[in-house]
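The values are calculated or read from the model by the stated rules, or taken from the named source; none is laboratory data. This one's a predicted model, so the numbers in the text were calculated from it and none came from an experiment. Heads up, the Cβs are rebuilt from the backbone with ideal geometry, glycines too, and the neighbour counts pull from every protein chain shown.
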Amino acid sequence: MDYKRLTLICGHYGSGKTNVAVNLAFDLKRQYNKTSIADLDIVNPYFRTKDSTEELERAGIELICSDYAGTNVDIPALPQQMYSITDDRSKKVILDIGGDDRGALALGRLAPAILAENDYEMLMVINRFRPLTRDARSTVEVMREIEYAGGIPFTGLVNNSNLGEETTAEDILSSVAYANEVSELSSLPVKFTSVHDTVYAAVAGKINNLFPLKLQPKIG
Amino acid sequence: MSEKVLMKGNEALAEAAIIAGCRHYFGYPITPQTEVAAYMAKRMPKIGGTFLQAESEIAAINMVYGVSSTGHRVMTSSSSPGISLKGEGLSYLAGSDLPALVINVQRGGPGLGGIQPSQADYFQATKGGAHGDFHMIVLAPASVQEMADLTVKGFELADKYRMTSMILADGTMGQMMEPVSLEYDIKPAPEKPWATTGTKMQREHNIVNSLSLVPEELEKFNIERYKRYDEVEKNEVMYEEYMMDDAEICIAAFGIAARVSKNAITEARRQGIKAGMIRPITLWPFPKTPFKKAAQSVKQFISVELSMGQMIEDVRLATECRVPVTLCNRVGGMIPSPEMVLEAIKEAAKNGGAR
């Protein structure tokens, strides 16, 4: 994949943003040495980029993250190094933004600098198996709310349709029509379809621009 | 929703409540259950329902009291410290024989505690929950699917017995995502001739109240209520038995602890240890009978809990202390690992559990 200096990952909460963001960071690191991932999630206190700290450190990926993520300090905090994302143009950054319009609010402070530099990709992660984004219309509705709150227009879509560990190749294949419909309604391209690497082989060759994912570990 | 969807436990629970006919939700945000309120805020206005963020947990539970008095299905949700605030209202609901659904997505305590999962409100939920003699029906889901299923069940039982049903979940159940199918055959709620729906000048006033001026009458109300609780104990116990046919070591666990334990049991069986599990689904009424029966053949019980040991007391009571009951636990937001539970099983086996 080709990467702009900043790749912003947004979407409805539970669409799989963090998982996509972490996997993109590893992919970017293979191409570009000075790679960072920024956890700007002010909504979800439970599943965070920080859960992957060890793997990120081992790979030499900088994690820009609030000190309070993953602790009992339940406040919508942003990382103190946040401005390095826009100030230090020598690094390429994957930004993991919190869910929905409430999460995208965190972008407000960075939006003017991001737009001025104009070297970004703003991606909307979509999952047709999430109850509030089951059809193209409601997905685009969520998308407009995020754009309005974040102050940055989307440039592309990531089709991350999945049912967790139960996802089958048929589920992925059936989501293509939905992603295309969202694409048509929003006039944005589907940049890639992300699939768990266990299903990857079964859909390879049947969908354009596939991106393999390793699921993060879950509890229980 | 016929096809499966990927949902958080909190969302599945909220959607199931709507499917069950709940059109009134009152709450106050607190991690890790906030998605219930967020989901209701999005959905209720679209279906002609009421979502209201109350000024406090105390206000929310009293709004529940008000709506329940009119005979409608109503719910509130919170997490541990917020449930303590609702205590007074829970007692008033019981004293007025009002049905309601209350959700507790538990977090670490005591006090403000932390936001990570816990099961330390077991005593609070099963032994009353506030002042006075009363019980709530307490349901313990162990999957996102059960978060939804038990919500529907909770409304049915609440209406049937004019009681509060409580879903006693934990942070993991609320936050984890799994595919669910939300297809239910919803029966119409029973007639509620006691509801305050307006006399239309055709009947006597209905009065919903928990104050009794005459002690003889209050005694009578209490005794009658406990006759109803006997019926619940007789008819509504739910539990799951896992590999109990030949089990010599029996795990007692609910919710997330039961999921972890299942993994440990699989590994123990692989190593030739005959382990099994009884998973209470209703924590009140507690499944006494299967535990009592198991005590005739099992050598040791292990209560796996995210608390300092609360359900273990009910296991000891149910088994009449015939065989040892030990505790395997983590607290403060920590979750026992399958390895830790496996160690406890192996320790029990070494002590003569599975000879």
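Numerical summary
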quantity: Lone unmet requirement of (1) surrounded by fewer than 20 Cβ atoms within 10 Å (Cβ to Cβ); (2) out of contact with any strand residue (DSSP E or B) (no Cβ under 6 Å at 6 or more places or on another chain) for B:Leu342; calculated: (1)
quantity: Test: residue in the stretch B:297-306 that is within 14 Å of B:Ala258 (Cβ to Cβ), in a strand (DSSP E or B), of a type in the set (S, T, N, Q) and touching a strand residue (DSSP E or B) at 6+ places or on another chain (Cβ under 7 Å); calculated: yes
quantity: Residue in the stretch A:161-180 that is out of contact with any Pro (no Cβ under 7 Å at 6 or more places or on another chain) and closer than 14 Å to A:Lys17 by Cα present; calculated: yes
quantity: The stretch A:130-176 - residue that is part of a helix (DSSP H, G or I), away from every other protein chain (no Cβ under 14 Å) and of a type in the set (A, V, I, L, M) and, of those, surrounded by the most Cβ atoms within 10 Å (Cβ to Cβ); calculated: A:Ile146
quantity: Qualifying positions in the stretch B:237-293 - under 12 Å from B:Met311 (Cβ atoms), within 14 Å of another protein chain (Cβ to nearest Cβ) and assigned to a helix (DSSP H, G or I); calculated: B:Gly255, B:Ala257, B:Ala258
quantity: Failed item, numbered, when B:Glu55 is tested on (1) out of contact with any Ser or Thr (no Cβ under 8 Å at 6 or more places or on another chain); (2) at pLDDT 95 or above; (3) within 14 Å of chain A (Cβ to nearest Cβ); calculated: (3)
quantity: Residues located in the stretch B:6-46, provided they are in contact with a Lys or Arg (Cβ under 7 Å, 6 or more places away or on another chain) and either over 28 Å from B:Ser84 (Cβ atoms) or among the acidic types (Asp, Glu) (or both); calculated: B:Leu6, B:Gly21, B:Glu35
quantity: The stretch B:50-66, residues that are farther than 8 Å from B:Gly89 by Cβ, surrounded by fewer than 17 Cβ atoms within 10 Å (Cβ to Cβ) and in contact with a Lys or Arg (Cβ under 8 Å, 6 or more places away or on another chain); calculated: B:Thr50
quantity: Flag if B:Pro81 is farther than 25 Å from B:Gly49 by Cα, assigned to a helix (DSSP H, G or I), within 13 Å of chain A (Cβ to nearest Cβ) and modelled with pLDDT of 95 or more; calculated: yes
quantity: The stretch A:34-50, residues that are crowded, with 18+ Cβ neighbours inside 10 Å and either without any contact (Cβ under 8 Å) to a residue 24 or more places away in the chain or farther than 19 Å from A:Cys10 by Cβ (or both); calculated: A:Thr35, A:Tyr46, A:Lys50
quantity: Filter result (buried (at least 23 other Cβ atoms within 10 Å of the Cβ) and either within 8 Å of chain A (Cβ to nearest Cβ) or assigned to a helix (DSSP H, G or I) (or both)) within the stretch B:16-33; calculated: B:Ala16, B:Ala17, B:Pro32
quantity: Among (1) touching a Ser or Thr at 6+ places or on another chain (Cβ under 9 Å); (2) assigned to a loop (DSSP other than H, G, I, E, B) - the single one B:Gly352 does not satisfy; calculated: (1)
quantity: Residue that is nearest to B:Ile335 (Cα to Cα), among those in the stretch B:111-133 that are touching a Leu at 6+ places or on another chain (Cβ under 8 Å) and assigned to a loop (DSSP other than H, G, I, E, B); calculated: B:Ser118
quantity: Which listed residue is in contact with an Asp or Glu (Cβ under 7 Å, 6 or more places away or on another chain) and among the hydroxyl-bearing types (Ser, Thr, Tyr), from B:Ser84, B:Ser118; calculated: B:Ser118
quantity: Strands (runs of 3 or more DSSP E) wholly inside the stretch B:135-187 containing at least 1 residues that are away from chain A (no Cβ under 14 Å) and buried (at least 24 other Cβ atoms within 10 Å of the Cβ); calculated: B:137-139, B:164-170
quantity: Candidate set from the stretch A:111-129 (those that are more than 14 Å from chain B (Cβ to nearest Cβ) and among the hydrophobic types (A, V, I, L, M, F, W, C)); member that is surrounded by the fewest Cβ atoms within 10 Å (Cβ to Cβ); calculated: A:Ala116
quantity: Filter result (assigned to a loop (DSSP other than H, G, I, E, B) and either free of Cβ contacts under 8 Å to residues at least 12 places away in the same chain or buried (at least 22 other Cβ atoms within 10 Å of the Cβ) (or both)) within the stretch B:317-332; calculated: B:Thr319, B:Cys321
quantity: Count of residues meeting criterion [among the small types (Gly, Ala, Ser) and over 18 Å from the mean Cα position of the chain (by Cα)] in the stretch B:15-36; calculated: 1
quantity: Among (1) buried (at least 21 other Cβ atoms within 10 Å of the Cβ); (2) under 30 Å from B:Asn235 (Cα atoms); (3) among the small types (Gly, Ala, Ser) - the single one B:Ala349 does not satisfy; calculated: (2)
